[in-house]
Structure formats: C-alpha cells, structure tokens
Amino acid sequence: MQSIDQHYMIDIPLLVRITSIADLHKNDLVLEIGPGTGYLTRYLQKIAKKVFVIEKDPKLLKELKEKFNNNKNITYIGGDATKLDFPNFTKCVSNLPYTICEPLMWRFIREKFEMLVFVVPLSFAEILTGKTPSRLKLLSDAFYEVEITQKIGPESFYPKPKTESALIKITPKEGNFFLREFFIQYDKKTKNALREILMKSGMTKSESQEYITLRLKPSIQDKNIVNLSLEEIKEIVKLFTQ
C-alpha cells in the first residue's frame, strides 16, 4: 500500500546511516512524519525514549499499530503534519512525502528542536542550500543551518522515484532579525505582521498602520506572508529595514 507521493526506503545501510546522522540517544523524543510502512520507525524506536509517528493514511496507521503492537515507546498520531499540533520533541527524523517538504519548512520555524534529519528530493535540498535566490532560501538563511550529507539514488526506495533524493541535516540558528520576525507570522496577512514588528520597535498602532499604508501596495498588504513572491518579499525588506 502506498500513498500517491510517498516512496518507502528499503535500503538498510541508509536507514542505519540516518539514525547515525541524527545522533540519537536514549533520552530523545523523536518525531517521524510519514512513516508509511515503518521501515525507519523500526530503527528509531530501538534507540529513542519515545517516537511520535504522524501518518495521514488511516490504513497505514492501522498497519503500523499492528506491526509495532508490542512497542510501548511509539505514540501514533493520525492527521496532516502541516496542520496538527506537534508533541514536544527533540529531533524530527523522516523520509518526507515530497509534497509537504516546503510547508513543513515554514511550520518548523515555530518549533523548538535540536535537529531535523530528512530525506527529501535532491532538487529541494539544493534550493535550501544553493546560491539561487528563492523564498525558501531566504527562509533557510533566516532560521536554519542546512547540510546535504549524501545524495541518494532511486534504488533505495520502493517504488523507485524518478529523481534523486538527498539526506539533509538541519539545525536551528539565529539569522536576520527582521526576516525572522516577519516569517514567523507566515500565516498572517502581511500588513498585520508588519504592524506587530513596527509596534515592537516603538511605534503606536496608528503610526504603524499609517507607515504601512504609505509605503506598501494594498495588493501586497492583504496577502498572507506564505503566499508572497520572492520579489514582493524583497520589496518589503527594502522598504522596512532602511
């Protein structure tokens, strides 16, 4: 059984490598998103104090419960990882379903963690770490240290994906203050997020609203931050950080 955009890791040396990169310890609380049939879960639960698995597919979740029914350190959570509340965790280790990679990068900026270790499409990893400007690169630069630890060929998965993948290690960092304050409000309207930032800098609410109205086009003001284009974000940075 397989969800539309998920490819399950069947490469045992790769699974061992992932747990090694994650530097798992017996006190770790591990979050796994999209465990599928539980190949990686089996290795995580052998080391970690607790593993929280988030699986959207009810049938796969049922199969996981049956497979690991004797394992008391696994907690099962059904739902969409881009929307539900996460339990407290120290590390997230996952072979991510491809379509939720970007939404999760936005989501994790609000979470406290020691490390994220993900298998993602190579093209996605190169956006996070590359020199080409993009919204994701700005987000990455503001919040994350990202390292591609190895490339992974299609033969490590079933069924085989059409493209290469990558194993990446992500740790939190302190980046550009304005971008951090702005992006962390990613689900708010741009004007509301900017007003909060300006008020933190000492402006009154009315002064903040006037400042934004005079400088920013209404079409940009009313967009949620997560929907802004790279050029719109650049314009906002230019207008509000000088």
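So is Asn70 under 21 Å from Lys112 (Cα atoms) and either touching a helix residue (DSSP H, G or I) at 6+ places or on another chain (Cβ under 6 Å) or not aromatic (Phe, Trp, Tyr) (or both) or not? Reasoning before the result, please.
Details: under 21 Å from Lys112 (Cα atoms): no; either touching a helix residue (DSSP H, G or I) at 6+ places or on another chain (Cβ under 6 Å) or not aromatic (Phe, Trp, Tyr) (or both): yes.
No.
Given the conditions (1) touching a residue at least 24 places away in the same chain (Cβ under 8 Å); (2) buried (at least 18 other Cβ atoms within 10 Å of the Cβ); (3) in a helix (DSSP H, G or I), which single one is not true for Phe178?
(2)
Of all residues in segment 132-146, how many are charged (D, E, K, R) and either within 12 Å of Phe108 (Cβ to Cβ) or loosely packed, with under 15 Cβ neighbours inside 10 Å (or both)?
Of all residues in segment 132-146, those charged (D, E, K, R) come to 135, 137, 141, 145.
This time we only want the ones that are either within 12 Å of Phe108 (Cβ to Cβ) or loosely packed, with under 15 Cβ neighbours inside 10 Å (or both), so: 145.
Of the residues in that region, 1 qualify.
Within segment 1-111, which strands (runs of 3 or more DSSP E) (wholly inside it) include 3 or more residues that are touching a residue at least 40 places away in the same chain (Cβ under 8 Å) and of a type outside the set (A, V, I, L, M, F, W, C)?
Working: elements: 29-33, 50-55, 74-78, 91-95.
In segment 1-111, the matching strands (runs of 3 or more DSSP E) lie at 91-95.
Does Ala166 count as closer than 25 Å to Glu145 by Cα and in a helix (DSSP H, G or I)? Full working, then the answer.
On the way: closer than 25 Å to Glu145 by Cα: yes; in a helix (DSSP H, G or I): no.
When the stated conditions are applied, Ala166 does not pass them.
Filter segment 142-174 for residues that are among the acidic types (Asp, Glu), at pLDDT 95 or above and within 19 Å of the chain's Cα centre (by Cα) and give the result. Spell out how you get there, then give the answer.
Taking segment 142-174 as the starting set, the residues that turn out to be among the acidic types (Asp, Glu) are 145, 147, 155, 164, 174.
Next, from what is left, pick out any that are at pLDDT 95 or above: 145, 147, 155, 164.
Once the filter is applied, which keeps residues that are among the acidic types (Asp, Glu), at pLDDT 95 or above and within 19 Å of the chain's Cα centre (by Cα), segment 142-174 yields Glu145, Glu147.
Pull up segment 25-34, narrow it to residues that are surrounded by 17 or more Cβ atoms within 10 Å (Cβ to Cβ) and touching a helix residue (DSSP H, G or I) at 6+ places or on another chain (Cβ under 9 Å), then point me to the one that is modelled with the lowest pLDDT.
Gly34
Pro218 versus (1) closer than 22 Å to Trp106 by Cβ; (2) at pLDDT 95 or above; (3) not basic (Lys, Arg): which is the lone unmet condition?
Single failed check for Pro218: (1).
Among (1) of a type in the set (A, V, I, L, M, F, W, C); (2) out of contact with any Ser or Thr (no Cβ under 9 Å at 6 or more places or on another chain); (3) surrounded by fewer than 20 Cβ atoms within 10 Å (Cβ to Cβ), where does Ala22 come up short?
(3)
Just give me the residues in segment 35-76 being in contact with a Pro (Cβ under 8 Å, 6 or more places away or on another chain) and either surrounded by fewer than 18 Cβ atoms within 10 Å (Cβ to Cβ) or over 23 Å from Ala22 (Cβ atoms) (or both), in sequence order.
Thr75
Going by what's in this entry, would Ser208 be described as among the hydroxyl-bearing types (Ser, Thr, Tyr) and over 26 Å from Tyr39 (Cβ atoms)? Break it down stepwise before answering.
On the way: among the hydroxyl-bearing types (Ser, Thr, Tyr): yes; over 26 Å from Tyr39 (Cβ atoms): yes.
Against the criterion (among the hydroxyl-bearing types (Ser, Thr, Tyr) and over 26 Å from Tyr39 (Cβ atoms)), Ser208 qualifies.
Considering only segment 112-132, state which residues are in a loop (DSSP other than H, G, I, E, B) and in contact with a strand residue (DSSP E or B) (Cβ under 6 Å, 6 or more places away or on another chain).
Kept after step one, since they are in a loop (DSSP other than H, G, I, E, B), are these residues of segment 112-132: 112-114, 130-132.
Hit for segment 112-132 is Glu114, nothing else.
The values are calculated or read from the model by the stated rules, or taken from the named source; none is laboratory data. This is a predicted model, so every value here is computed, not measured. Glycine also receives a Cβ, built like all others from the backbone with ideal geometry; neighbour counts cover every protein chain displayed.
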